[in-house]
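Participant: The structure's right below; bear with me while I get my questions together.
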Amino acid sequence: MSTAEVQDPPAESSGLPDYVLDANAVTKDDAKWRHGRAPDYSNTRKVWAETKKANHQAGSLPDLVENLVKNWEIEASYKTDLKDWRTVDTSNYSFAVNGGPPQTGEHMLKVGTYNAIIEPNEFYCPAHSSFDASHKTFKRMMPTFAWEVLEVYSGPPQVSFRWRHWGTMKEDYVGFNDKGEKVSIKAHGGPIDIEGVGVAVVNDKLQLTKVEVFFDPMSMFRQMASEGNVTKENVAAE
């Protein structure tokens, strides 16, 4: 089924929650924020607007899905109290990657969004990086990492869609791998561009109750190391 065949919601969107209408809705919340304040996504949104592939009509199903996921990412990355997450049904919420076991919101709050998604590999290992350290590692390397919905294949309550996540490798990558080795990858200044599929179940408030993501987690690292610019050191992981 193509995006065009999926029935869009009514044009009148006044009854819809703000987190499906505005990609930055939750940044206006009075909540417990990591680092003491709401994050600033203005640079990322600028990159998104200038380099996105899809253009969705405001209020269309792809637009609503894109806004929901963007607000979920903000909450998962920066709201430290699960009770403040408005995009999820906290009593039923779970998250899984590539058919793996479902994770709770509390788990993601503990380990971080990157660590919840990336499996241990030759370039990176969640066991050797805390929530804050993981964000510093990837955000330093790629200051903006924009996200978009490319296509939506089915509408609520089970929403299936294809997505794209992209940025530019502007700084060197430094992390620890599954062997505890320090891995350095020289910045090549080129694009990092990955795609995947998501399946999300939402309730009648359009809150996420179940999220499954499918993608090749090594795609990003292969693009980072595409020029053979990798060094590894046998040092104790921090």
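The values are calculated or read from the model by the stated rules, or taken from the named source; none is laboratory data. Fair warning: this is a prediction, and the values are worked out from it, not measured in the lab. Cβ placement follows ideal geometry from the backbone for every residue including glycine, while neighbour counts extend to all protein chains displayed. When the accessible area is computed, the model is the full protein with side chains, heavy atoms only, and any ligands, DNA or RNA have been set aside. Shrake-Rupley method; radii C 1.70, N 1.55, O 1.52, S 1.80 Å.
Participant: Quick one: work out the % antiparallel among DSSP beta bridges in the chain, nearest 5.
Facilitator: Antiparallel bridges: around 90 percent, rounded to the nearest 5.
Participant: Okay, next question. I want to check the label-to-label distance for Ala187 and Arg34. Put each point 7 Å from Cα in the C-beta direction and report it in nm to one decimal.
Facilitator: Result: 2.1 nm between the two label points.
Participant: Assign one of three labels to region 43-161, namely rounded, prolate or oblate, based on the Cα gyration tensor with a ≥ b ≥ c the square roots of its eigenvalues; rounded applies when a/c is under 1.5, prolate when it is not and a/b is larger than b/c, and oblate otherwise.
Facilitator: Oblate is the answer for region 43-161, as a/c is 1.5 or above yet b/c matches or exceeds a/b.
Participant: I would also like to ask the following. Which net charge results when you count Lys and Arg as +1 and Asp and Glu as -1 among the other residues whose beta-carbon is under 13 Å from that of Asp193?
Facilitator: Taking every other residue near Asp193 into account, the sum is +1.
Participant: Please compare each pair in Lys79/Lys205; Lys70/Lys232; Lys136/Lys186 to a cut-off of 23 Å on the Cα-Cα distance and tell me which ones are over it.
Facilitator: Violating the 23 Å Cα-Cα cut-off are Lys70/Lys232.
Participant: Still on this structure, I have one more. Counting only heavy atoms of protein chains, what accessible area per residue, in Å², does the chain have with a probe of 1.4 Å?
Facilitator: Normalised by residue count, the accessible surface of the chain is 50 Å².
Participant: Classify region 160-202 from the C-alpha gyration tensor, please: rounded if a/c falls under 1.5, else prolate or oblate depending on whether a/b exceeds b/c.
Facilitator: Oblate, because a/c is 1.5 or more while a/b does not exceed b/c.
Participant: Can you give me the angle between helix 42-51 and the longest principal axis of the chain, using Cα atoms only, in degrees from 0 to 90, rounded to the nearest 10?
Facilitator: The angle comes out at about 80 degrees.
Participant: I would also like to ask the following. In a Gaussian network model over the chain where Cα atoms closer than 10 Å are linked, find which of Met141, Met218, Met108 has the largest mean-square fluctuation.
Facilitator: Among Met141, Met218, Met108, the largest GNM mean-square fluctuation belongs to Met218.
Participant: Then there's this: For every other residue with a beta carbon closer than 13 angstrom to the beta carbon of Ile118, add +1 if it is Lys or Arg and -1 if Asp or Glu, then tell me the sum.
Facilitator: Combined, the nearby Lys, Arg, Asp and Glu give -4.
Participant: If I model the chain as equal point scatterers sitting on the Cα atoms and use the Debye formula, what is log10 I(q)/I(0) at q = 0.09, 0.14, 0.15, 0.17 Å⁻¹?
Facilitator: With no solvent term, the Cα-only Debye profile gives -0.38, -0.94, -1.08, -1.38.
Participant: Could you look at the chain and say what percent of its accessible area is carbon and sulfur, using a 1.4 Å probe and all protein chains?
Facilitator: 50 percent
Participant: Assign one of three labels to region 113-238, namely rounded, prolate or oblate, based on the Cα gyration tensor with a ≥ b ≥ c the square roots of its eigenvalues; rounded applies when a/c is under 1.5, prolate when it is not and a/b is larger than b/c, and oblate otherwise.
Facilitator: prolate
Participant: Of Lys53, Lys182, Lys70, which is the most mobile in a GNM of the chain whose springs link Cα atoms less than 10 angstrom apart?
Facilitator: Highest fluctuation of the listed residues: Lys53.
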